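Note sheet for the following structure.
The values are calculated or read from the model by the stated rules, or taken from the named source; none is laboratory data. Keep in mind that this is a model prediction, so the values were computed, not measured. Cβ: placed from backbone, ideal geometry, glycine included. Neighbour counts: every protein chain shown.
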Amino acid sequence: MATRLRPVDIVIVGMGWTGAILAKELAETGLKIVALERGGPRQTDPDFQEPHKDDELRYAIRTELMQDVQRETLTFRNGAGETALPMRRLGSFLPGEGVGGAGVHWNGVTWRWLPWDHQARTRTVERYGRRIIPPEMNLQDWPVSYAELEPYYDKFEYMCGVSGKAGNIAGHLQPGGNPFEGARRRDYPNPPLPQSHAGALFDAASRALGYHPFPAPAANASRAYVNPDGVQLGACHLCGFCERFGCEADAKASPHFLLLPLARRNRDFELRTHARVLKVDLDAARRRATGVTYLDVRGRAFEQPAELVILAAYALNNVHLMLLSGIGRPYDPRTRTGVVGRNYAYQIGGGATVFFDENTWIHPYMGAGGLGVAIDDLSADNFDHGRFGFIGGASVSCMSSSGRPIQARPVPNGTPSWGSAWKAAVKRHYNHTLGIGLQGSVNAYDRNYLDLDPTYRDAFGRPLLRMTFDFHDNEKRMANHIADECVRIGEAMRGLGNVLQVQRGAPPARYSIVPYQSTHNTGGAVMGTNPQTSAVNRYLQSWDVPNVFVTGACAFPQNAGRNPTGPVGALAYWAAEAIKTRYLRRPGPLVRA
Amino acid sequence: MSRDSASAGRGVDRRHFVAAAGAAGFAGALPAGAPALAQHGGHGAAPARAAASPPPAGYVFFMPPEARFVEAAVDVFIPHDDVGPGGVEAGVPAFIDRQLAGAFGRGAGLYLQGPFADGAPTQGYQLPLTPAEFYRAAIREIDELCRREHDGKRFDELPAATRDAVLLALREGRAALATLPGATFVALLLQNAIEGYFADPIYGGNRDMGAWRMIGFPGVGGMYATAIEEHRNAPMAVEFRSIADMQR
Ligand SMILES: Cc1cc2nc3c(=O)[nH]c(=O)nc-3n(C[C@H](O)[C@H](O)[C@H](O)COP(=O)(O)OP(=O)(O)OC[C@H]3O[C@@H](n4cnc5c(N)ncnc54)[C@H](O)[C@@H]3O)c2cc1C
């Protein structure tokens, strides 16, 4: 039986990016706040120090910083006609575990989403008519516009020390920046990182084709920087051990050093690590959360009563906790009703690999998570979709993030998988190859969803989350079109270096849970204006249980062709402000249904 | 908010270290395959910092027939040749042995609750076996297959070309084991061999960073914020560094 603890004002579940933003922003309220994090504590020193931090096997392959699926995983199937089976090993995505969450081991590519992404349905219908939207696609607008979120994007970027080049300051286009971005109030806090040769080749080739390349926005500080909160970031070393690793220099933005120390300034803030929340406790009518039940490091159950519960456990875990707790109506794909688990989406990849002769030096091991050059010409609705008949697009980029050899060993198609010929190819191409990648948007569909698995359980006896997901025709056509464009950019490098071969990386025909693709899972508890088609309102507040807020990318109605953490962070600030200035003054629904 | 400047200070030290090492050049005792180094722009011939002491010889997990099998398979995957070090001489079998004896082998990071079903390839690994159990059972079945089809000879008794053909047939599903999915096992074995070859030498493989030297990957503790522009599209003298080198 759970031991009942003394009530507190606010419980935050999870201490990653969003939990830490909420904890820090709410610190000044002086309220009694308890944050519960299922993993352990982490600090730059000693956790991420050289040399042990640069251990590819330990961190990138055995995924030491990520969710332990032995205890908690999910089941997966491509379609409702199949039996979902457990994801027995991490693969497709790598949710974080421990203080800092995935913010510790992310890459740091920090996009704002485009104004179009915030209004995808309205603008699609305006330009192409209703007929372009397939009946099984749930295309929805965000309930928050780009302009409303702009100050919070700015706040997140300045907190993180993003390195980049503005493309549009208050409506004025800036040379060298992204001409497609929404208007921003000011430039990035730090100049772009130094450019790699791969980036320079991509820049020149894409420019020659009429595209508009710019440095990818990176939360890897290009110089020592003190952020507006007074926190010091170091300059990035370009060590090439970034994604899946902690950062020894505090150059990669991470909540464990940027936010948590500020949250602790509130004497009534308490972080409990190794505290795994099993469910949110509700009153009998399921209209009010009374607190949460969690296990401590010894496995003892505690009931932590609270006036306000904030779910910040990552998109997938938030949806899991909502389903386990009975917050909101679960989605039923047969009737297309219910909201929790609805509109789960992901992203689709593809691209091109360009092989050069031995006089072209790429040095793939020099890199940072966000170091690269991108184009936005093929994103969202930045090109005319009329003749294609699909919706959506992709950011296309050439990233120099790592050359760690267990993972990064490009060889041409047709190379044997082992033996002397394989060795020779690995050696020959390692330093003379670059990749062009597309990160494709994925819309939401009636048959892609999350619910509870009827068979499998986690180590704590709870039903696993069940994911039913596959790629649809709209996305496959989009990704194949853009993969062809990636090949064209690769071909345009022929004049710039001695290109041996441009190899197309075909987008997948089916979604597989096995190879890593991205930790960009979205939807399942989407925000909206209508409780029939959204689980939370524009302030990320549950329609059904108004003293629960749900942060993270589970709020996105569909997925865009760019990394999610820019808007995830901005929305967390936006929700924190609404809680601080409105909810705490008068607890109750902030939007009338 | 002030953070202690320890990491920044240390960074400077590392930078001096890299610069000094670069000026002194690199090189030292190299395994076969040293041509790769010339390609990476070496000029000096100062001895490398002493190589990490090799792990103690012997196997923790493998029983003798298993050790013979794994050595024979690694020799097919990563043969000794003039491209670079062979997997066996690089310590890959010892790496796999230690991995199987440890947390990975015993099923860390693996959800092993039933019920079990084959599932679709998109659903990934679905066997009720830890890697250590899988190796033990699959090696037995591959040896049985070889004895049946190759005059009573075990896998390790076959010539290299035949061993290659056996592994390829299993991987492509043209040969079947008595009970286990041969393609799944060969994929795991290959993955572990590649891990051992390219992982930091601290795990027992990649001896003397031979695989890193072969391709020109400098290893750990790199600082390239200025090098990236200085060496844009140009070769660079590389000082190879492992975890143990930096811990000394
Ligand atoms: C390898 C990798 C690279 C990435 N690169 C990029 C990138 O370049 N750009 C980008 O925009 N995004 C990137 N991301 C995604 C980014 O990390 C996430 O969008 C972001 O961290 C999400 O913030 P969050 O607060 O929702 O979740 P997280 O930061 O993951 O935090 C969730 C926390 O909740 C805890 N938790 C979960 N369940 C419970 C429970 N039941 N009880 C208590 N605690 C719990 C977890 O342990 C975790 O610490 C990357 C992710 C990964 C894994």
Test: residue in the range A:382-389 that is touching a helix residue (DSSP H, G or I) at 6+ places or on another chain (Cβ under 7 Å) and crowded, with 24+ Cβ neighbours inside 10 Å: no
Per-region count, the range A:397-436, residues more than 10 Å from chain B (Cβ to nearest Cβ), touching a helix residue (DSSP H, G or I) at 6+ places or on another chain (Cβ under 6 Å) and surrounded by 19 or more Cβ atoms within 10 Å (Cβ to Cβ): 5
The range B:73-91: number of residues that are in contact with a Lys or Arg (Cβ under 6 Å, 6 or more places away or on another chain) and more than 9 Å from every other protein chain (Cβ to nearest Cβ): 2
Options A:Glu82, A:Glu25; residue that is part of a loop (DSSP other than H, G, I, E, B) and either modelled with pLDDT of 95 or more or away from the ligand (no atom under 16 Å from the Cβ) (or both): A:Glu82
Spans of helices (runs of 4 or more DSSP H) in the range A:107-220 with at least 2 residues away from chain B (no Cβ under 14 Å) and within 16 Å of the ligand (Cβ to nearest atom): A:146-160
Long-range neighbours under 6 Å by Cβ, at least six apart or interchain, first residue facing another protein chain (nearest Cβ under 9 Å) and within 13 Å of A:Asp54 (Cα to Cα) within the range A:235-254, second among the aliphatic types (A, V, I, L, M) and within 14 Å of the ligand (Cβ to nearest atom): A:Leu238/A:Ala368
Condition met for A:Gly16 (at negative phi, within 15 Å of the ligand (Cβ to nearest atom), over 19 Å from the mean Cα position of the chain (by Cα) and more than 14 Å from chain B (Cβ to nearest Cβ)): no
Pick from the range A:88-106, criterion within 14 Å of chain B (Cβ to nearest Cβ) and surrounded by fewer than 24 Cβ atoms within 10 Å (Cβ to Cβ), ranking: nearest to the ligand (Cβ to nearest atom): A:Leu94
Residues that are touching a Gly at 6+ places or on another chain (Cβ under 9 Å) and more than 8 Å from the ligand (Cβ to nearest atom), drawn from the range A:28-48: A:Ala35, A:Gly40, A:Pro41, A:Arg42, A:Thr44, A:Asp47, A:Phe48
Selection from the range A:489-541 of residues that are of a type outside the set (A, V, I, L, M), within 16 Å of the ligand (Cβ to nearest atom) and away from chain B (no Cβ under 14 Å): A:Ser518, A:Thr519, A:His520, A:Asn521, A:Thr522, A:Gly523, A:Gly524
Positions within the range A:28-46 being aliphatic (A, V, I, L, M) and either modelled with pLDDT under 95 or under 22 Å from the mean Cα position of the chain (by Cα) (or both), in sequence order: A:Ala35, A:Leu36
Residue within the range B:67-76 that is in a loop (DSSP other than H, G, I, E, B) and either within 24 Å of A:Ser420 (Cα to Cα) or not small (Gly, Ala, Ser) (or both) present: no
